[in-house]
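The values are calculated or read from the model by the stated rules, or taken from the named source; none is laboratory data. All figures in this text were calculated on a predicted structure; none of them were measured in a lab. Neighbour counts run over all protein chains shown; Cβ positions are idealised from the backbone, glycine included. The protein model used for the area step is the full one, side chains on, heavy atoms only, and it has no ligands, DNA or RNA in it. Shrake-Rupley method; radii C 1.70, N 1.55, O 1.52, S 1.80 Å.
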Number of protein chains: 2
Amino acid sequence: MDKQQLFENIQRKKSFLCVGLDTDVNKIPEHLFDESEDPIFEFNKAIIDATADLCVAYKPNLAFYESLGLEGWDVLERTVDYIRTNYPDQFIIADAKRGDIGNTSAMYARTFFGNMNFDAVTVAPYMGEDSVSPFLTYEGKWVIVLALTSNKGAFDFQFIPSAETGERLFETVLKTSSKWGNNENMMYVVGATKAEMLGDIRKIVPDHFLLVPGIGAQGGSLQEVAKHGMNAQCGLLVNSSRQIIYASSEHDFAQKARAEAQKVQQEMAGLLDELLK
Amino acid sequence: MDKQQLFENIQRKKSFLCVGLDTDVNKIPEHLFDESEDPIFEFNKAIIDATADLCVAYKPNLAFYESLGLEGWDVLERTVDYIRTNYPDQFIIADAKRGDIGNTSAMYARTFFGNMNFDAVTVAPYMGEDSVSPFLTYEGKWVIVLALTSNKGAFDFQFIPSAETGERLFETVLKTSSKWGNNENMMYVVGATKAEMLGDIRKIVPDHFLLVPGIGAQGGSLQEVAKHGMNAQCGLLVNSSRQIIYASSEHDFAQKARAEAQKVQQEMAGLLDELLK
């Protein structure tokens, strides 16, 4: 999917919501285990069917699937296929936080883009250009580089100022890595818990899309994110995982997930109206 | 496996070699595909049987297994089981370069330590303490944090000096992260292509084990690594992947792999003799 298509989906759906599929076998409704031999996939399917018209992206978190071994990997593959087949306008992100030397990153790229048909994969920047560039060789695919994350540990290294440039590490990551690709094949992860930082970030990457985790369970404010981070093509994908997918653990879990997604989407529609009027 | 056991294995085998199982379906001998329905596992098994007395560790590179989908994940699990069952004195490293927010890193830890019984997993430091600490809660298991990698991209960020301390980023990573655990549950990845840096690194982490990739195909020198990096308990695991496992693509691939491993082991024996005399 290219940038223009993504923006058109955002305009049409009046949403820049990404639903995080952090599907945890210990948190999904118990009745699914009684009713299905394939409860994890059934959960994903129900969540996707209930939210697909309200969001523009899904983001399976690889850790949750890997922790289930072969079964998890199989559910992941079928989930991507299910979205791709039934909701072809969705942007599908492998939240994998990969990154290794060139020949190894090339293998990861093959996994997520060649084998599984994700649109994007999240990548950690620590190992530099040759750990990221193999992901950029796939036409129409995206790399989403970690810049400023939403967790407490973000303060350990990401804010260290450089003695050479005065820039904080996350700013150097943005400046340097933005030269490896362009705003048609790269995005950045920017945590919503630091929404005021989005202004600084927009000075460096005005036109890139930003994937913003941390709305909801992690505590960020959507209005603040939009105020500081939105650009002329929206430029934001805001992720919510737990608050939506675990809105209920009863038989109504999918309806409740839809209601939560709708709340976010309606707020987004208002923010987009401001942008598009 | 604890540090003392690892050191005892190194002394007994006169080796600190780690064999990297970067098993690439496009590089393993073609005859294996004719002779077996399980060629990737058969390759690993043959390499392991041919080298187990010459090395103290194996390091499957996750990317190579993930790129094969379900089959690859299955081969990975059986490879770990095979080593664990037949060569219980081996230290098994998941070269996964993971790292995410706390609840997600906890899932990765469960995958590699709870489900698969690896001894250690490589982790990227960019997201800070809460991305690493979930791996430290498993008794007898290890985190191996990326400090200074062996690739060209290492120069993009890892050498940036801090305006606050003057330390380069990899030094700050070492200083800060070494407080999260101790030298009984943490190691560091330090590329052999920058062996002279090992002296600087030893000033910060004198007692930690260092996992050193980059011998062989990536061009580092074993003697230089030992000179600058060895400590009283050896403190080194030196990895070689391609140079050993792809020494031949003919029927003699396992013997040739053994011969390559033996060359390295014999050089290591000489270096250890110096240390232990």
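In the range B:151-166, how many are open to solvent by 20 Å² or more (accessible area, probe 1.4 Å) and in contact with a strand residue (DSSP E or B) (Cβ under 7 Å, 6 or more places away or on another chain)?
Residues in the range B:151-166 being open to solvent by 20 Å² or more (accessible area, probe 1.4 Å) and in contact with a strand residue (DSSP E or B) (Cβ under 7 Å, 6 or more places away or on another chain): 5 in total.
Give all pairs with beta carbons closer than 6 Å in which a residue from the range A:231-259 that is more than 23 Å from A:Ala195 (Cβ to Cβ) meets a residue that is acidic (Asp, Glu); count only pairs at least 6 apart in sequence or on separate chains.
Going by the 6 Å Cβ cut-off, the qualifying pairs are A:Ala247/A:Glu260.
Exactly one condition in (1) at pLDDT 95 or above; (2) aliphatic (A, V, I, L, M); (3) surrounded by fewer than 16 Cβ atoms within 10 Å (Cβ to Cβ) is false for B:Ile48; which is it?
(3)
Which of the residues belonging to the range A:231-261 are surrounded by fewer than 20 Cβ atoms within 10 Å (Cβ to Cβ) and part of a helix (DSSP H, G or I)?
Within the range A:231-261, A:Arg242, A:Gln243, A:Gln255, A:Lys256, A:Ala259 qualify.
Look at the range A:4-42 and say how many of its residues are assigned to a helix (DSSP H, G or I) and either open to solvent by 10 Å² or more (accessible area, probe 1.4 Å) or without any contact (Cβ under 8 Å) to a residue 60 or more places away in the chain (or both).
Qualifying residue count for the region: 17.
Would you check which residues across the range A:65-109 are among the aromatic types (Phe, Trp, Tyr) and open to solvent by less than 10 Å² (accessible area, probe 1.4 Å) and list them? Talk me through it step by step, then tell me what you get.
If we filter the range A:65-109 for residues that are among the aromatic types (Phe, Trp, Tyr), which is where we start, we get A:65, A:73, A:82, A:87, A:91, A:108.
Of everything in the range A:65-109, those that are among the aromatic types (Phe, Trp, Tyr) and open to solvent by less than 10 Å² (accessible area, probe 1.4 Å) turn out to be A:Tyr65, A:Trp73, A:Phe91, A:Tyr108.
Restricting the search to the range B:132-177, which residues are among the polar types (S, T, N, Q) and under 29 Å from A:Lys179 (Cα atoms)?
Matches in the range B:132-177: B:Thr149, B:Ser150, B:Asn151, B:Gln158, B:Ser162, B:Thr165, B:Thr172.
Among (1) within 15 Å of A:His208 (Cα to Cα); (2) more than 9 Å from chain B (Cβ to nearest Cβ); (3) open to solvent by 10 Å² or more (accessible area, probe 1.4 Å), there is one condition A:Thr137 misses while meeting the rest; what is its number?
Going through the list (1) within 15 Å of A:His208 (Cα to Cα); (2) more than 9 Å from chain B (Cβ to nearest Cβ); (3) open to solvent by 10 Å² or more (accessible area, probe 1.4 Å), A:Thr137 breaks only (1).
Hey, could you check the range A:167-178 for residues that are open to solvent by 10 Å² or more (accessible area, probe 1.4 Å) and more than 10 Å from every other protein chain (Cβ to nearest Cβ) and say which is farthest from A:Ile201 (Cα to Cα)?
Across the range A:167-178, the extreme among qualifying residues is A:Ser178.
Does A:Leu62 fit the bill of being under 17 Å from A:Ser248 (Cα atoms) and either in contact with a Cys (Cβ under 9 Å, 6 or more places away or on another chain) or not charged (D, E, K, R) (or both)?
Working: under 17 Å from A:Ser248 (Cα atoms): no; either in contact with a Cys (Cβ under 9 Å, 6 or more places away or on another chain) or not charged (D, E, K, R) (or both): yes.
Taking the combined requirement at face value, the residue does not satisfy it.
Filter the range B:153-164 for residues that are closer than 16 Å to A:Glu167 by Cβ and either hydroxyl-bearing (Ser, Thr, Tyr) or without any contact (Cβ under 8 Å) to a residue 12 or more places away in the chain (or both); which is farthest from the other protein chains (Cβ to nearest Cβ)?
Ranking the candidates gives B:Phe159 first.
Would you confirm, using the coordinates I've provided, whether A:Glu184 is within 12 Å of chain B (Cβ to nearest Cβ) and out of contact with any Ser or Thr (no Cβ under 7 Å at 6 or more places or on another chain)?
On the way: within 12 Å of chain B (Cβ to nearest Cβ): no; out of contact with any Ser or Thr (no Cβ under 7 Å at 6 or more places or on another chain): yes.
In short, no.
Answer yes or no as to whether A:Gln218 is within 18 Å of the chain's Cα centre (by Cα) and modelled with pLDDT of 95 or more.
Values: within 18 Å of the chain's Cα centre (by Cα): yes; modelled with pLDDT of 95 or more: no.
Here the answer is no, as A:Gln218 does not meet what is asked.
Any residue in the range B:107-118 that's more than 7 Å from every other protein chain (Cβ to nearest Cβ): show its pairings with residues that are open to solvent by 50 Å² or more (accessible area, probe 1.4 Å) and among the basic types (Lys, Arg) at Cβ separation under 8 Å, as long as the two are six or more apart or on different chains.
Filtered contacts from the range B:107-118: B:Asn117/B:Arg84.
Name the residue that is farthest from A:Pro213 (Cα to Cα), counting only residues in the range A:171-181 that are out of contact with any Ser or Thr (no Cβ under 9 Å at 6 or more places or on another chain) and not hydroxyl-bearing (Ser, Thr, Tyr).
Selected residue: A:Lys179.
Which condition does A:His228 not pass, out of (1) in contact with a Gly (Cβ under 9 Å, 6 or more places away or on another chain); (2) open to solvent by 10 Å² or more (accessible area, probe 1.4 Å); (3) within 14 Å of chain B (Cβ to nearest Cβ); (4) not hydrophobic (A, V, I, L, M, F, W, C), if it passes all the others?
(3)
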